[in-house]
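Heads up, the thing below is written out as C-alpha cells.
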Amino acid sequence: MDEHLTWVYEQKCRKVVKALEKTGFEAVYCANRQEAYANIMNEARNAHAIGFGGSETVKGLQLIPALKQMGKEVLDHQAPNLSPEEKLATRRRQLTCDLFLTSSNAVTLNGQLVNVDGVGNRVAAMAFGPKKVIVVAGRNKIAEDIDAALQRIKYVAAPANSRRLNRQVPCAVTGSCSECNSPERLCRITVILDHKPLDTDIRVLIVNDDIGY
C-alpha cells in the first residue's frame, strides 16, 4: 500500500487506541500483523491453556502451530473432527482459560467494542472468565460510532461469516442482512463493551492492516 495512505490509516488506528485507553482498556497500536503476532506470543509464554474465539482475524495470524510447539494447550472449538459435544465442552473450557484470543466485529472511534454472536461463548469470554483476554482488530473493523458498527456487522461481518460457515440464511446469498428468523441465524446476541469490564484483564491490539471480517 502507498506509504501516505498507510500513514492516514495509522492516524486513525492511533485515535482508536487513545479512545480505548480512555474507556479503560489496555490498547496497543501494531503497525502490521507481525507486531500483533509477537505481542500475543510474548503473552502466551505465561499461559498454559489458550482459547480461541472462532475469529478469522486471529486465525490469520497463524498462531496455533507455534503455540502447540511451545507445549501450550490449545482450546479451539473449530478444530477438525470434533463432535458437537466436544465443541461445546471446548467452548466452556475457553471461559476459564489462561489466555483467550479473539477479535471484535467492530471497534468505534469512541473506544467501544461492538459484537454480535450466535452461541455467545466469544462475547461471554470477552466480558468475564479468562485470566487474560487479547482482542485483535484490523483497521477494517474501525467504525465511526455504534450505529456504524452495527451496520458494518449486518452488511459485512455477518454475511461473510454466514457464507464461510455454510449457513442457510438469506445474507449468505444476498450479502446483506434481512433481519431473518432462520433457524441457522448467527445474529442472536449483541454485546457492546462501552468500558473495560471491572474484573477482566483485556488488551486490544489495533493493527494497521485489513484482517478478518
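Worth pointing out:
- Residues in segment 100-115 reached by a label modelled at Glu26 [backbone nitrogen below 17 Å; 7 Å Cα→Cβ]: 100-103
- Ile189 paired with Met70, simple spin-label distance in nm, labels 7 Å along Cα-to-beta-carbon: 2.7
- DSSP finds beta bridges in the chain, and of those with both partners inside it, around 20 percent are antiparallel.
- Computing FRET efficiency as 1/(1 + (r/R0)^6) for Leu165 and Asn110, where r is the C-beta to C-beta distance and R0 is 22 Å, gives about 0.15.
- Prolate is the label for segment 47-162, because the ratio a/c of its alpha-carbon gyration tensor axes (a ≥ b ≥ c) is 1.5 or higher and a/b is greater than b/c.
- Over the C-alpha trace of the chain, radius of gyration and Dmax come out as 16.5, 50 angstrom.
- Between Arg45 and Leu5, the modelled label-to-label distance comes to 3.7 nm, taking each label 7 Å out from Cα in the direction of the beta carbon.
- Charged side chains reduced to their Cβ positions (Lys and Arg at +1, Asp and Glu at -1) give segment 67-115 a dipole of some 20 debye around its Cα centre.
- For Lys132, distant residues with modelled amide H under 5 Å away: Leu99, Phe100
- Whole-Å distance, taken between Cα centres, linking segment 136-213 and segment 1-32: 20
- Packing-based ranking, highest mean first, of 61-74, 43-56 given that Cβ atoms within 10 Å are counted: 43-56, 61-74
Where a number appears in this text, it was derived from the coordinates with a stated rule and is not lab data. Given the structure is predicted, the values throughout are model-derived calculations rather than measurements. Note: ideal-geometry Cβ built from the backbone for every residue, glycine included; neighbour counts use all protein chains shown.
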